[in-house]
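As structure tokens, the structure follows; a few thoughts come after it.
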Amino acid sequence: MRKRLRSQAGFTLVEMVVVITLLAILGVLGIGSSFMPTLLRGRDTKRKNDLAQIAASLEAYINDKGRYPASDASGRIMGCGTDAVKTACTWGGEFAMTSGTSKIIYMAVLPKDSKVSNGRGYIYQTGANGKAWKLYANLENAKDPVLMTFSPTVSCGTAGNCNYGVSSSNISMTTNLSSY
């Protein structure tokens, strides 16, 4: 009598590689699509916190100098340098003034938007009298409930138009700065 050979059921190596590759691709796509909104919200939270920290340093500045620092045409804070020669602070650099022989540091590092290559992600504006200010940023999450529309529009550089802002406590974001 002859022994009957059983057929072996199973997958070939090629079939297994194809299935594992497809599962890996689907996994990466699934993780990537669910992870991106979290990254957007995280960067936007950092932007909001940056503006809050800058606002606190501006309050320290007015306590020392009696007025907020001026702003330049590109939205930088003119609060660095010396009392005699004020210069524009660099986003990502120090926000400090030298008065006489002492240096007053308002922020060791003035935050900058990490998504903006030219450093112009945050915009600072002050009134002509130095009694009020506004800070602007561009948030990425289009579903964020705090998004604002400004008229006239304010450019946040390569980030696009600014859609979020904070202001000194004596004005709102809709107040015209010209009389402040």
Open item on the list: Tell me yes or no: at least one residue of the range 84-100 is among the β-branched types (Val, Ile, Thr), touching a residue at least 12 places away in the same chain (Cβ under 8 Å) and in a loop (DSSP other than H, G, I, E, B).
Closed with: yes
Open item on the list: I'd like the full set of residues that are part of a loop (DSSP other than H, G, I, E, B), surrounded by 12 or more Cβ atoms within 10 Å (Cβ to Cβ) and over 15 Å from the mean Cα position of the chain (by Cα), limited to the range 119-131.
Closed with: Gly127, Asn129, Gly130, Lys131
TODO: Go through (1) modelled with pLDDT under 95; (2) closer than 12 Å to Cys156 by Cβ; (3) among the hydroxyl-bearing types (Ser, Thr, Tyr) and name the single condition Thr90 misses.
DONE: (2)
Task: Residue list for the range 97-118, restricted to those being surrounded by fewer than 17 Cβ atoms within 10 Å (Cβ to Cβ), closer than 19 Å to Asp64 by Cα and of a type outside the set (Val, Ile, Thr) - done: Ser99, Gly100, Ser102, Lys103, Ala108
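Quick check on this structure: which one of Val116, Val166 is touching a helix residue (DSSP H, G or I) at 6+ places or on another chain (Cβ under 6 Å) and part of a loop (DSSP other than H, G, I, E, B)?
Details: Val166 fails: part of a loop (DSSP other than H, G, I, E, B).
Just a single option satisfies the conditions, and that option is Val116.
Report, by residue number, each residue of the range 58-83 that is surrounded by 20 or more Cβ atoms within 10 Å (Cβ to Cβ) and either of a type in the set (D, E, K, R) or outside any loop (DSSP other than H, G, I, E, B) (or both). Talk me through it step by step, then tell me what you get.
Kept after step one, since they are surrounded by 20 or more Cβ atoms within 10 Å (Cβ to Cβ), are these residues of the range 58-83: 58, 61, 68-69, 71, 75-77, 79-80.
Within the range 58-83, Leu58, Tyr61, Ser71, Arg76, Ile77, Cys80 meet the criteria.
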Open item on the list: Can you find, within the range 148-163, the residue that is surrounded by the fewest Cβ atoms within 10 Å (Cβ to Cβ) among those that are part of a loop (DSSP other than H, G, I, E, B) and touching a residue at least 24 places away in the same chain (Cβ under 8 Å)?
Closed with: Met148
Task: Qualifying position, being more than 18 Å from the chain's Cα centre (by Cα) and either under 16 Å from Gly75 (Cβ atoms) or at pLDDT 90 or above (or both), among Lys103, Lys134 - done: Lys103
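The values are calculated or read from the model by the stated rules, or taken from the named source; none is laboratory data. Everything numeric here is computed off the predicted structure, so don't read it as measured data. Note that each Cβ is placed from the backbone with ideal geometry, even for glycine, and that neighbours are counted across all protein chains shown.
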